[in-house]
Amino acid sequence: MVMNTAFAPAERVSQAEIRRQYEKLAALPFVRDFLDAVPNMSVVLNEHRQIVFANRAFTEFLGVKYSDELLGKSHCEALNCLYADVLGRRPGEAVGCIRASLTESGCGTTPFCRTCGAVISILNSQKRRALDIQECRMICGEEGVNETALDLRVWSRPIEVDGTVYTVFSVMDISNEKRRKVLERIFFHDVLNTASGVKGLADLLVETGLSEMEIKDVSSMISESAGQLIEEISAQRMLSAAESGDLKVSAEEIHSLELLYWIIRQFHSQSAAQGKPLVVDKSAEHFNFVSDPVLLRRVLINLVKNALEAVEEGATVTLGSRADSDSVCFTVHDAAVIPPEVQLQVFSRSFSTKGSGRGLGTYSIKLISEKYLHGHVSFISNAEEGTRFDVRYPQVIQSSGE
């Protein structure tokens, strides 16, 4: 039977063959000891990318009791303990990647897998019979509820056992490294640039010869720049709290159109909005709902920033709102089109078209909206309609602890 795939081959071997391959590897002297001695999560894959052996670090990551409990037991008993949770699955299926269940064929076969460093590394190694190292962004758990975003570095290396080529696939969690690099970029680049601007404007004030009107203008610009500096620091503090689970929700009544016009006012003097009209759609609906205004403003500001950065001068960015019986929806639309390969990674942490280490905007939008505001984020992007992001929330949410 031919199985459908959007990327990697979908075919698998039978569970009986998985058992045979496991027995062959388990019979090799010291193979389990050697793999368990490796600190990184490691598995051995067959030619169909199915797991036929796993080390202690990998099984402990999955919460599967293996090495200690099975010490001294036969390989057959060990296989039975691992069978349902690990063996025969592909890496994304074993760790709970949310993309792996999108198709019947599983891990490696969805459109999203075309940009997955894990699948690419395995395929490259199998094709070239050589070590291949990639980085991989993976979202595990239950989509929109208990998601865990992981940044991984993966190694794929071929080995031959009795004429059969397997792939040793190793994984290292580099989420903290990625987060640190992003925060460094923010504080060493964006914040430093803003702070330098504040200092430059302050230096103007101490110069002689400025008129009273010029002093007033410079003072206004200093105030604006200082506010931007505080906003950048606050945004990162909010994201750190959101990722650690410490973000508090303070719900209160919000007026939809007042919210949209407040967002527009925040961009009146920002360079990113110069020559790019920012308007509220004529069909935008006025309604009241209960949510966290600080978190919601952060979401919409990030959406508008992304839209302004995507369009050329003269293009319009439009904000909209609508409500139905049990939910409210806000939209941000622009005429630009997101390339297909970028669409697949829009909500991944650390991914951005603006350069390495800049991808927290859409990631934070999804994290805050779905984990804290109990909403859902989606988008469409094509040549006919341009790009529209939709964020949908319940009519009423509760504050944290209520």
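The numbers here are math on the coordinates, done by the rules we state, and not lab data. A quick note: this is a predicted structure, and the numbers were derived from the prediction, not measured. Glycine also receives a Cβ, built like all others from the backbone with ideal geometry; neighbour counts cover every protein chain displayed.
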Two-site label geometry, His286 and Val337: point separation in nm, points 7 Å out along Cα→Cβ: 3.8 nm
Estimated FRET transfer efficiency when R0 is 51 angstrom, pair Val13-Arg297 (beta carbons, to 0.05): 0.45
Expected 222 nm ellipticity per residue - DSSP helices of 4 or more, -39500 (n - 2.57), all of the chain, to 500: -11500 deg cm²/dmol
Length gained when the stretch Val165-Gln274 is fully extended (0.36 nm per residue, less Cα-Cα span): 33.4 nm
Cα-based Rg of the range 252-394 normalised by 2.2 N^0.38 Å, two decimals: 1.00
Mean Kyte hydropathy of 0.5 or more with a Cα span along the axis of at least 20 Å, helices from DSSP in the chain: 191-206, 293-310
10 Å beta-carbon shell around Val290, net charge (K/R +1, D/E -1): -3
Computed lengthening from Met3 to Asp173, 0.36 nm per intervening residue step minus Cα-Cα distance: 58.0 nm
Counting all C-alpha pairs of the chain, share separated by more than 26 Å (%): 62 percent
Cα gyration tensor shape of the range 177-244, rounded if a/c is under 1.5, else prolate or oblate by comparing a/b with b/c: prolate
For the chain, with +1 on Lys and Arg beta carbons and -1 on Asp and Glu, the positive-most of Ile222, Phe267, Gly163 along the dipole: Gly163
Size of electric dipole in the chain: Cβ of Lys, Arg +1 and of Asp, Glu -1, about Cα centre, debye, nearest 20: 1220 debye
30 Å Cα-Cα threshold exceeded, pairs from Lys181/Lys305; Lys216/Lys282; Lys178/Lys305; Lys282/Lys305; Lys178/Lys366; Lys181/Lys366: Lys216/Lys282
Theoretical FRET efficiency, 1/(1+(r/R0)^6), r = Cβ-Cβ of Arg114 and Trp262, R0 30 Å, to 0.05: 0.15
Cα-projected label distance for His255 with Thr316, points at 7 Å along beta-carbon direction, nm: 2.4 nm
